[in-house]
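*Asks:* Handing you this structure, nothing more for now.
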Amino acid sequence: MSSWVIAMMLGVSIFLGSIAVVTLIWAIKKGQFDDSEHFLNAVKFDGTDELNDAYEKEQRAEKLKEKKREELRKKGYRPE
């Protein structure tokens, strides 16, 4: 490739990257990622069945993690 093509690709990528960074900063300043009511609405409108299912799912995941840790301990695995 000629140096002109490389310079053009580099220029275009820097330009597009700077647009992405400016857009990200603008969105953060405008509060586009702030969703303070999502959690509150989820708790408010979830029924007891959904909450119980979520709790049971979390408990099963914890049991699986503990079981995996025990298996690794039995094998002599030690994280450093």
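*Asks:* Filter region 40-50 down to residues that are at pLDDT 80 or above and surrounded by 10 or more Cβ atoms within 10 Å (Cβ to Cβ), then give me how many there are.
*Replies:* The qualifying residues number 1.
*Asks:* Take the residues in region 12-34 that are exposed (fewer than 10 other Cβ atoms within 10 Å of the Cβ) and closer than 30 Å to Ala54 by Cα, then tell me which one is farthest from the chain's Cα centre (by Cα).
*Replies:* Checking each candidate, the answer is Gly31.
*Asks:* While we're here: Looking at (1) of a type in the set (A, V, I, L, M, F, W, C); (2) surrounded by 10 or more Cβ atoms within 10 Å (Cβ to Cβ); (3) part of a loop (DSSP other than H, G, I, E, B), which is the one condition that is false for Met9?
*Replies:* Every listed condition holds for Met9 apart from (3).
*Asks:* What is the one condition in (1) of a type in the set (D, E, K, R); (2) surrounded by 10 or more Cβ atoms within 10 Å (Cβ to Cβ); (3) modelled with pLDDT under 90 that Glu37 does not satisfy?
*Replies:* Unmet for Glu37, out of (1) of a type in the set (D, E, K, R); (2) surrounded by 10 or more Cβ atoms within 10 Å (Cβ to Cβ); (3) modelled with pLDDT under 90: (2).
The values are calculated or read from the model by the stated rules, or taken from the named source; none is laboratory data. Predicted model only: the values in this text are computed from it and were never measured. Reconstructed Cβ throughout: ideal geometry from the backbone, glycine too, with neighbour counts over all protein chains shown.
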